[in-house]
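The values are calculated or read from the model by the stated rules, or taken from the named source; none is laboratory data. Not measured: the values here are computed from a predicted model. Because the Cβ atoms are built from the backbone with ideal geometry, glycine has one as well, and the counts that use them run over all protein chains shown. Remember, those area values only see protein heavy atoms, side chains included, never the ligands or the DNA or RNA. Shrake-Rupley method; radii C 1.70, N 1.55, O 1.52, S 1.80 Å.
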Amino acid sequence: MNTAPSASCTATPDGSITFDLPLPPAQGHQLLLRLRPGKGQPERTLHTLDLEPTDNGRVRAVLGPAPLLEEGRWDVFLLRGGDAPRQRLRPGLRDLRALVDGHLRDREPPLAVRIPYVTTNGCLAIRAWLRPAHAEADGVDVTERTTTVGARLHGTSLRTGAVVRLRLRGGGGVVHTVQPRAGDDGRAFSFTLDHAELVAATGAASGVWDVFVQPAADAPLVRVARLLDDVADRKNVFVYPRIGVDGAVLRPYYTVDNDLSVEVKRPG
């Protein structure tokens with residue numbers, strides 16, 4: 001049985017990723033990036049990269065800033081050519097230092113983010129986001145009565161009529177609106193959620209509120225999320241306290257897509 005090879009990768013601030021494999025040069029070898037399809041769905045988006053020889057007897061492929069990868073999870077395979085089956089790659093060294101301070105750089109639209117990561121079954125993959133505009137969450141301060149969130153807009157700025165809107169998931173259009181406090185440059189802002197108000201707006205059942213900012217009265221909603229660093233999956237990494245409020249338990253959290261939401265859960 002063939003052992004899947006490993007690939008080391010290095011990310012750069014412009015979104016490029018370099019893959020290095022400990023394989024001898026061979027004509028026709030490529031890397032295949034596959035957008036992971038939904039359950040029961042066929043493959044529909046594939047992207048190939050040529051593997052070129054390096055001076056140290058290895059091979060290398062470079063994923064440049066373009067084309068922009070569609071948002072989702074991309075699995076990485078080795079194609080050896082001919083009739084050989086494709087192989088998933090194991091992760092080698094992942095140098096993601098260039099991504100750590102990504103939230104400090106202003107981004108122009110569209111926002112394109114790629115983060116190499118290790119899947120639950122130990123394979124190499126890339127988490128990609130592609131959004132027209134983005135609100136990068138920074139600090140999330142939870143107290144007994146309120147949650148205060150700091151964020152910064154990329155690809156747009158706050159203008160007249162800007163509001164923060166929380167939409168109740170599956171709630172038929174139920175929205176809770178909060179006024180943002182804008183920074184001097186029109187991109188940085190913060191907002192505070194009153195726990196008791198949000199629990200009352202949820203009603204008698206449990207619910208999840210997804211957090212957006214509307215930069216102007218006529219502007220499309222922009223999801224508040226945390227994408228601009230080296231953490232591909234933060235749901236179980238950034239964990240905030242649960243607060244008891246009027247018979248319910250409230251907690252802010254990051255979703256599987258690293259978007260910011262607030263859960264209100266009632267017993268039973």
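Below are the figures for this structure:
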| read-out | value |
| --- | --- |
| Under 13 Å, Cβ to Cβ, from Arg97 - net charge with Lys/Arg +1 and Asp/Glu -1 | -3 |
| Cβ-based net charge around Thr146, under 10 Å, with every Lys or Arg adding one and every Asp or Glu removing one | -3 |
| Phi-based couplings in Hz for segment 225-232 (Karplus 6.51, -1.76, 1.60; Gly and Pro marked x) | 8, 10, 10, 9, 7, 9, 9, 6 |
| Residue-span extension gain [Thr148 to Arg36] - 0.36 nm each, minus C-alpha spacing | 36.8 nm |
| Contour minus Cα-Cα distance for Val175 and Ala216 (0.36 nm per residue) | 13.1 nm |
| Accessible-area value, Arg223, 1.4 Å probe, nucleic acids and ligands omitted, Å² | 40 |
| Within the accessible area of segment 193-268 (1.4 Å probe), percent carbon and sulfur | 53 |
| Cα gyration tensor category, rounded, prolate or oblate, for segment 69-207 with a/c compared to 1.5 | prolate |
| The chain, accessible area per residue, ligands and nucleic acids excluded (1.4 Å, Å²) | 49 |
| GNM top mover of Thr146, Thr202, Thr160 - the chain, alpha-carbon springs below 10 Å | Thr160 |
| Between segment 27-66 and segment 168-186, the Cα center-to-center distance that results, in Å | 40 |
| Charge context of Val59, other residues only, Cβ under 14 angstrom, K/R +1, D/E -1 | -1 |
| Rounded to whole Hz, the Karplus (6.51, -1.76, 1.60) HN-Hα couplings of segment 233-238, x for glycine and proline | 10, 9, 4, 9, 9, 9 |
| Three-way shape label, segment 77-141, alpha-carbon gyration tensor, a/c 1.5 | prolate |
| Karplus (6.51, -1.76, 1.60) ³J(HN,Hα), θ = phi - 60°, over segment 59-70, in Hz, Gly and Pro reported as x | 10, 9, 10, 10, 8, x, x, 10, x, 6, 7, 4 |
| Share of carbon and sulfur in the accessible heavy-atom surface of segment 1-125 [1.4 Å probe, %] | 52 |
| Candidate residues His154, His47: accessible-area rank, largest first, probe 1.4 Å | His47, His154 |
